[in-house]
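What follows is one structure encoded as structure tokens, with my remarks underneath.
The values are calculated or read from the model by the stated rules, or taken from the named source; none is laboratory data. What you are looking at is a predicted structure, and each value in this text was computed from that prediction instead of being measured. Here the Cβ is made from the backbone with ideal geometry for all residues, glycine too, and neighbour counts use every protein chain on show. Note: accessible area is taken over every heavy atom of the protein model, side chains too, but ligands, DNA and RNA are not part of it. Shrake-Rupley method; radii C 1.70, N 1.55, O 1.52, S 1.80 Å.
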Amino acid sequence: MSLVEVETAIVGSGFSGLGMGMALVRAGRRDFVILEKADDVGGTWRDNSYPGCACDIQSHMYSYSFEGNPDWSRLFSGQAEIWDYLRRLTDKYGLRRYIRFGAEVTGASWDADQARWTLRTGDGQEYRARFLVAGVGALHIPNVPELPGIERFTGTAFHSAKWDHDYPLAGKRVAVVGTGASAIQFVPEIAGQVAKLTLFQRSAPWVLPKADGPLPGWAKTLFRAFPPARRLFRSAVYWLNESLAVGLNGHPELLRAGERLGRRHLARQVRDPELREKLMPRYTLGCKRMLMSNTYYPALAGPNAEVVTSGVAEVRERSIVDGDGVEHEVDAIIYGTGFHVTDSFDYLDIKGRDGRDLAGEWRSHGIQTHLGITVSGFPNLFFLLGPNTGLGHNSVVFMIESQIRYALAAMDLTRKHGADAIEVRTSAQADFNRDIQRRLARGVWSTGGCTNWYLDAKGVNRTIWPGMTWRYWLATRTVHPGDFELVAANTGRPEREKVEA
Ligand SMILES: Cc1cc2nc3c(=O)[nH]c(=O)nc-3n(C[C@H](O)[C@H](O)[C@H](O)COP(=O)(O)OP(=O)(O)OC[C@H]3O[C@@H](n4cnc5c(N)ncnc54)[C@H](O)[C@@H]3O)c2cc1C
């Protein structure tokens, strides 16, 4: 196959990759390609089609600031509507012509002589790009636990991110493993159909009331006719969410009111004291992702539901034996067990300067980046929604937009200086990591008494941005030349083949 040459290669077509593509189109830099392993855009919102899937940050905030949508139907929109929003923007910006579907990037390596990244895709194609933007997603690779004996199970088993819509759940005995953000959304949706629902819970999540509902027609009309009103609403939501960051970052006393609300919610919705005891969280609010639902507890309080807290001891042909030795007959197992997060980079084969192996280095020394975007030793590589830029309290789209702006500015800086590549200095990266780890040490994710997916195997938080998001916005507003080295290629330019249609 021929070699395709572009200025910028973007991997992934979720909020991150599409946002980068839109920014390049807006900047008039149309020499790029988006490589997407699936057959459509949307990332999270393409993959997670389970019943009840919705955002848990208000839609007017969980969307691009430059592409406000006056027509969101609810405060927290469902998967189909968010996916539709992303597909609509893909068409509006004419991005489809830049996207190669079915193109899984299997490896990328930096060629210092040419100052280019070489990317290989599963379909055997090779791409060469000056800049590589990784928008591969943080919650993307399903985490399926290895339950003892699962190979003997003769029923149906699937993960919430790969929902089997052909499997008729009606009248079936269904086990759900996990009680995270996805499970609390789909459990109430399926509880009414199945004959028996057995929920295997390792730890009880905090579940708060969800202030959700359809947005009234007059609000949509107002937002459409008078965009500043929509922007004002978005700002109000932003600051409301932002206020939560104070409690999460070193002031657990401020989270007590939320915990009282959670306990009252549980007491109101679950009358049975034994079940209530099982569902009572045993850690500080926010240590795991805060969940919101008005229907989760009532579903578990229903006559066909059972909550098992003793764990899974063994899976048999058509049953699960719990930690107390009780056998539960099941036809299907649904994993609501989340995603590979801190180990998700093990799936990326990225080789930087002097053959440095990104995943290997991160495995041995811990994940280190500068601002979650650039990595020392890996010139012209930009992560979107990279390490330590996830959030527990506000929209990650806000973070992604900051990163896109920063990556564009870094590319500009490279050009302005007539350089071929830009690489963050080790010292800038080390300073950044020291600072965030110092701040994260007092965060609820480390002090709140829970195990969570924000921490790596050594207990270091490699996922969350500590504190207010406006501080991140401020930190990424300017690319400080002193933080970078500008590098020239060792030899001349390669032949080019344009991908632009
Ligand atoms: C159910 C659910 C609900 C969520 N709700 C919220 C919310 O309310 N608010 C919030 O802030 N966040 C939420 N999140 C987090 C969510 O993941 C992000 O908000 C956002 O969608 C991430 O976008 P992304 O483009 O970075 O990654 P993704 O959406 O995961 O997209 C990554 C893309 O990269 C592609 N890809 C990956 N590897 C390769 C490869 N090697 N080669 C080619 N293509 C590749 C994937 O196929 C995918 O299309 C939620 C997550 C889930 C799972």
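Region 316-331 and region 369-388 have Cα centres separated by 45 Å.
Principal-axis analysis of the Cα atoms of the chain puts helix 15-26 at an angle of about 30° to the longest axis. Looking at the chain, the accessible area is 41 square angstrom per residue; that uses a 1.4 Å probe and ignores ligands, DNA and RNA.
Across region 63-71, rounded Karplus estimates of 3J(HN,Hα) from the backbone phi angles (6.51 cos²θ - 1.76 cosθ + 1.60, θ = phi - 60°) give 6, 5, 5, 8, 9, x, 10, x, 9 Hz, Gly and Pro being marked x.
The angle between the Cα long axis of helix 79-92 and the longest principal axis of the Cα atoms of the chain comes to about 20 degrees, rounded to the nearest 10.
Judged by a Cβ-Cβ distance under 4.7 Å, the unpaired cysteines of the chain are 53, 55. Counted over all Cα-Cα pairs of region 112-223, pairs farther apart than 23 Å make up 57 percent. Couplings for region 258-265, taken from phi via the Karplus curve 6.51 cos²θ - 1.76 cosθ + 1.60 with θ = phi - 60°, read x, 5, 4, 4, x, 5, 5, 4 Hz in order; Gly and Pro are left as x.
For region 10-135, rounded, prolate or oblate, judged on the Cα gyration tensor with a ≥ b ≥ c (square roots of eigenvalues), a/c < 1.5 rounded, else prolate if a/b > b/c? Prolate.
A cut-off of 5 Å between modelled amide H atoms, ignoring neighbours fewer than 5 places along the same chain, links residue 422 with 380, 487. In the chain, a dipole from Cβ-located charges (positive for Lys and Arg, negative for Asp and Glu) runs towards its positive end, and of 50, 372, 155 it is 372 whose Cα lies farthest in that direction.
With the convex hull of the Cα atoms taken as the outline of region 296-436, the averaged projected area works out to 13.5 nm².
Could you tell me what percent of the DSSP beta bridges with both partners in the chain are antiparallel, to the nearest 5? Mind showing how you got there, number by number?
Values: 29 of 69 bridges.
The antiparallel fraction comes to roughly 40 percent.
When a 1.4 Å probe is rolled over the protein heavy atoms, the share of accessible surface on region 422-483 that falls to carbon and sulfur comes to 56 percent.
Per-residue ellipticity at 222 nm from helix content only, as computed over the chain with -39500 (n - 2.57) for each DSSP H run of at least four residues, stands at -9000 deg cm²/dmol. The Cα trace of the chain gives Rg and Dmax of 23.5, 74 Å, the first to one decimal, the second as a whole number.
In the chain, the sites counted are trypsin sites (Lys or Arg not before Pro) in DSSP loop states with at most 11 other Cβ atoms within 10 Å, and the longest stretch holding none of them, exclusive of the sites, is 1-270.
Lys/Arg Cβ at +1, Asp/Glu Cβ at -1, dipole of region 120-225 taken about the Cα centre: which of 192, 221, 140 is farthest positive-ward? Of 192, 221, 140, it is 221.
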